[in-house]
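The values are calculated or read from the model by the stated rules, or taken from the named source; none is laboratory data. Computed from a predicted model, the values in this text were never measured in an experiment. Note that we place each Cβ from the backbone using ideal geometry, even for glycine, and neighbour counts take in every protein chain shown.
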Amino acid sequence: MQYHVNGELVDREEATVSVDDRGFRYGDAAFETCRVYGGTVFAWDRHFDRLETTCETLGMPEAIPDDIDTRIDETLTANDLEDAYLRVSISRGVQPGKLTPDEDVDPTVVVYVKPLPRGGTEGERVWDDPAVVQSVTRRRPPESVLPADAKTHNYLNGILARLELRRASREGYQPDEALMRDTDGNLAEGATSNVFFVDDGILRTPAEDSLLPGITRETVIELAEEEGFTVDSGRYTVDDLRQADEAFLTNSTWEIRPIATADGIDIGDGPMTKLLQRLYDRRIEARCY
């Protein structure tokens, strides 16, 4: 494998960053995870906008290089990949070891890829089974603590949530995702996913100010509304999810993954989940293949 590091393609073994890089020191960096289908980065315009927003939040609005699209294309070509996982990371770069960043920014820019199966109507899922989710005690920080729409390298909150899953695991029970609440106890999101559930024919998902609004989440909402489904974004409890008629998780890698159980309570997929999966696959097929 070859990755793009600071404007150059390098072998995986040589793809390193400095120990003085602020992304390593403090998690002072922005990133986006995308799916590439048939050589096309799906919804790249939306991912780019969110990457730009995160860089602005971090006070480095000019950090994204003008040739980022070229670097992505070169990385995919160098690895002969048409269908892939893509991660673009932009840190503030190497600076003196102090918390307050310098105003001048020389960013570290990394493009990372790995192969994934074909998507779309002729593709296959990257997951084997519907997800087993487990609620955790770790809470999602409020907007007043950390901006909900900033996708940074500092993923400590999600890591601690996933560590709780490890402690909850036992023979025959291996949760796939941590279900997180906000500080008021409302349902928020998974550690690396957004949550949807269906109740009396209404598609429901937690409100945006309590979660990182995912690109796949946005696409699913669009597809549901185009189909004439009522979509409600609001405040819900974990019990609302447990009692749902059907439920699923979304992120760029999983796409739409049904929830088999939540805290050991059976939920499963259903007609709306299956239809949205088909509609999502058709959109991928139409726009990327």
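Structural remarks
- Residue among VAL132, VAL145, VAL136, VAL109 that alone is farther than 17 Å from TYR37 by Cβ, modelled with pLDDT under 95 and β-branched (Val, Ile, Thr): VAL145
- Leading residue by the ranking (nearest to VAL36 (Cα to Cα)) among those in segment 80-106 that are outside any strand (DSSP E or B) and of a type in the set (A, V, I, L, M, F, W, C): LEU81
- Selection count, segment 142-161, where residues are under 19 Å from PRO206 (Cβ atoms) and free of Cβ contacts under 8 Å to residues at least 60 places away in the same chain: 6
- Contact map, segment 216-238: first residue in the same structural domain as ALA262 (by TED's automatic domain parsing), second residue among the basic types (Lys, Arg) and part of a helix (DSSP H, G or I), Cβ cut-off under 8 Å, separation 6 or more or different chains; pairs are GLU218/ARG46; THR219/ARG283; LEU223/ARG283.
- Selected residue (criterion: surrounded by the most Cβ atoms within 10 Å (Cβ to Cβ)) from residues of segment 45-70 that are more than 21 Å from the chain's Cα centre (by Cα) and either on the phi > 0 side of the Ramachandran plot or not aliphatic (A, V, I, L, M) (or both): PRO65
- Search result, residues across segment 18-40 that are under 23 Å from the mean Cα position of the chain (by Cα), outside any strand (DSSP E or B) and closer than 13 Å to GLN95 by Cβ: ARG22, GLY23, PHE24, ARG25, TYR26, ASP28
- Unique match (being touching a helix residue (DSSP H, G or I) at 6+ places or on another chain (Cβ under 9 Å) and either farther than 26 Å from THR152 by Cβ or surrounded by fewer than 21 Cβ atoms within 10 Å (Cβ to Cβ) (or both)) among ASP199, ASP209, ASP240: ASP199
- Where ASP269 falls short, out of the listed (1) surrounded by fewer than 19 Cβ atoms within 10 Å (Cβ to Cβ); (2) charged (D, E, K, R); (3) assigned to a loop (DSSP other than H, G, I, E, B): (1)
- Note on segment 108-124: residues that are in contact with a Pro (Cβ under 8 Å, 6 or more places away or on another chain) and part of a loop (DSSP other than H, G, I, E, B) amount to 2.
- Looking across segment 213-230, the residues that are at pLDDT 95 or above and within 22 Å of THR192 (Cβ to Cβ) come down to GLY214, ILE215, THR216, ARG217, GLU218, THR219, VAL220, ILE221, GLU222, LEU223, ALA224.
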